[in-house]
Every structure is written in structure tokens, then in C-alpha cells.
1. For the range 152-183, enumerate the residues that are of a type in the set (A, V, I, L, M) and either surrounded by 18 or more Cβ atoms within 10 Å (Cβ to Cβ) or farther than 16 Å from Tyr197 by Cα (or both).
2. For the condition touching a helix residue (DSSP H, G or I) at 6+ places or on another chain (Cβ under 8 Å) and farther than 26 Å from Glu207 by Cα, what is the one hit in Ile146, Ile111, Ile123?
3. Being out of contact with any Pro (no Cβ under 8 Å at 6 or more places or on another chain) and at pLDDT below 90 narrows it down to one of Thr73, Thr127, so name that one.
4. Looking at (1) surrounded by 13 or more Cβ atoms within 10 Å (Cβ to Cβ); (2) more than 13 Å from ligand 2 (Cβ to nearest atom); (3) modelled with pLDDT of 95 or more, which one does Ala102 not meet, given that it meets all the others?
5. Please give the number of the condition Val160 fails out of (1) closer than 30 Å to Phe61 by Cβ; (2) within 12 Å of ligand 1 (Cβ to nearest atom).
6. Test Val128 against the stated conditions and say whether it is in contact with a Phe, Trp or Tyr (Cβ under 9 Å, 6 or more places away or on another chain), farther than 22 Å from Tyr172 by Cβ and loosely packed, with under 15 Cβ neighbours inside 10 Å.
7. Can you tell me how many residues within the range 163-203 are among the charged types (D, E, K, R) and within 16 Å of ligand 1 (Cβ to nearest atom)?
8. When you go through Ala222, Ala171 one by one, which is the residue that is more than 19 Å from Cys109 (Cα to Cα) and within 16 Å of ligand 2 (Cβ to nearest atom)?
Amino acid sequence: MWPADHQPALVGCLVPEMPGRGARPCPTWFAGTGFGPGVWYGRCMLGEGLAKGLLTTAKNFVGSYVSRERLVTVQYPEERRPLPEAARSFPFLVYDGDDPVAGLRCVACKICETECPPQCIYIVKDTVKKPDHTGKLQNQPLIFDIDISVCMSCQICVEVCPFDAIKMDVAYEWSTHDRFEGLLLHKEQLSKPNSYYHKIHPTEAAEVDARLAAARAKAAVARAGGAGKPAAPAAVKG
Ligand code: SF4
Ligand code: SF4
């Protein structure tokens, strides 16, 4: 008799019947003897996975002659698969307008540098402020470097940036013979226009634009409200 909790039909993976030897008992009976379920069950599963894998390979191989969908490889670098919108490689800095200096959203607050787990961001804040693309004076980074040989693409810098100034790029072809300087990206290489952000992550970029526009509108209303208020009475000197 099979134990109630190890019925062959329920277990689903029995030691296969050996020709001429009849059915083998459920391997779980041998638990603790060295012939435990892990050993036998694992062997059965391995065979099943192998068969499934070979079947999938065969289906793709034969199917690739009739359907391009079944082609699992492309002739890289002549051909490239389109990247999904959620693809990400390394961070880049977003700037608004046409000027990568005036339009840079980054205000060198260094939050991303502090939070980056492998510490691969290096920022030096400029001592002079510069007008941003709206004309408002802002802090700016004098140096903004990311060592992408260390970056692990975790996106934490993006999550913590309060200014939507740093986003994840999709560029991945960075192979170089220069392991050090070749993979250390400077501010000039990192700065890319908002239009580029829209091109690689359209949905996310549209959300960010809407959020920034709402924040700007709210600030404008607050400024207008403040301007309309009567001036505080001047202190009377005694
Ligand atoms: S990218 Fe964002 S978090 Fe990092 S320094 Fe610039 S503004 Fe601050
Ligand atoms: S993606 Fe992660 S590891 Fe790379 S710079 Fe940003 S926080 Fe650092």
C-alpha cells in the first residue's frame, strides 16, 4: 500500500518503472536513508526539465523557418532588438531647453552621491550660482562624475533625486580598452536633453513633465498670492 500522503497520482513524480522490475515505491519512503526524496525526486525533475528545454529548442528551431517570432537570436551588431521602455543601463543628467549648462536640472545637492550604495558618484558643487533655463539662480555642479565600471544600475540615485535631474539611460555599448578613464563619465558626457529622456522613456518622461509643470504652476500662484498681500507694517523705532 502507498502511504495516504504519498499516493503516486498526487506526488506526480515517481521513480520511473524500470523494465522488468515493476513499479518502484515512492522515494519518500526512504527519507533519512540516503535515498531520500531530494535525491530521487531531483533526478526525476532534472530529466523532465531537460526534455522540456529540448522541446522548446526544437520548436524554436523548426518554427524559425516559418516565423520570425521564433528567431531567438539577432545578427548583432548589424541588428539590434528594440529595447523595452523599462530598460535601464546607467544614469544620465537631464537638462531642459537647449543649453546643457543653463538647463541642467541638477543643483548639486549631493543626495544621490550620499545614497549611492557603491559610492560611484562624485560631485563638487560650484561656488557660483547660475541662472537656470527659467532665469532663476541655482546651484550647479562644477564636477559630476559617475564611474560606470562600479555602478550597479540600481536606480537609487534616480529615486532619491528631489529635482528629477538624474534618470536611467538605456545606452549599454560602453566596451573600452581603458578600464578606468574610459568608464568614468563626466558631466559633459552625462548631460542629455529632456527630448532624449522622452525618446527612451516616453511614459515616465511625460509624467515627470506633468509633475514639474504642476509644481511650477503652484509656485507661480504662491508668488502671485504673496505679491498681492499688503506689505507688513514697518517696525516703529522707539
Ligand atoms: S542629481 Fe539630483 S540628487 Fe544628485 S546632486 Fe543633482 S539634484 Fe541632487
Ligand atoms: S544606479 Fe545605483 S549604483 Fe549606479 S550611480 Fe545610481 S545609485 Fe549609484
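1. Kept after step one, since they are of a type in the set (A, V, I, L, M), are these residues of the range 152-183: 152, 156, 158, 160, 165-166, 168, 170-171, 183.
Across the range 152-183, the qualifying residues are Met152, Ile156, Val160, Ala165, Ile166, Met168, Leu183.
2. Values: Ile146 fails: farther than 26 Å from Glu207 by Cα; Ile111 fails: farther than 26 Å from Glu207 by Cα.
On inspection, the qualifying residue turns out to be Ile123.
3. Values: Thr127 fails: at pLDDT below 90.
Every option except Thr73 fails the conditions.
4. The one condition Ala102 does not meet is (3).
5. With (1) closer than 30 Å to Phe61 by Cβ; (2) within 12 Å of ligand 1 (Cβ to nearest atom) applied to Val160, the lone miss is (1).
6. Working: in contact with a Phe, Trp or Tyr (Cβ under 9 Å, 6 or more places away or on another chain): no; farther than 22 Å from Tyr172 by Cβ: yes; loosely packed, with under 15 Cβ neighbours inside 10 Å: yes.
Against the criterion (in contact with a Phe, Trp or Tyr (Cβ under 9 Å, 6 or more places away or on another chain), farther than 22 Å from Tyr172 by Cβ and loosely packed, with under 15 Cβ neighbours inside 10 Å), Val128 does not qualify.
7. Residues in the range 163-203 being among the charged types (D, E, K, R) and within 16 Å of ligand 1 (Cβ to nearest atom): 6 in total.
8. Numbers: Ala222 fails: within 16 Å of ligand 2 (Cβ to nearest atom).
The conditions single out Ala171.
The values are calculated or read from the model by the stated rules, or taken from the named source; none is laboratory data. If you're wondering where the values come from, they're calculated on a predicted model, not measured in any experiment. Neighbour counts run over all protein chains shown; Cβ positions are idealised from the backbone, glycine included.
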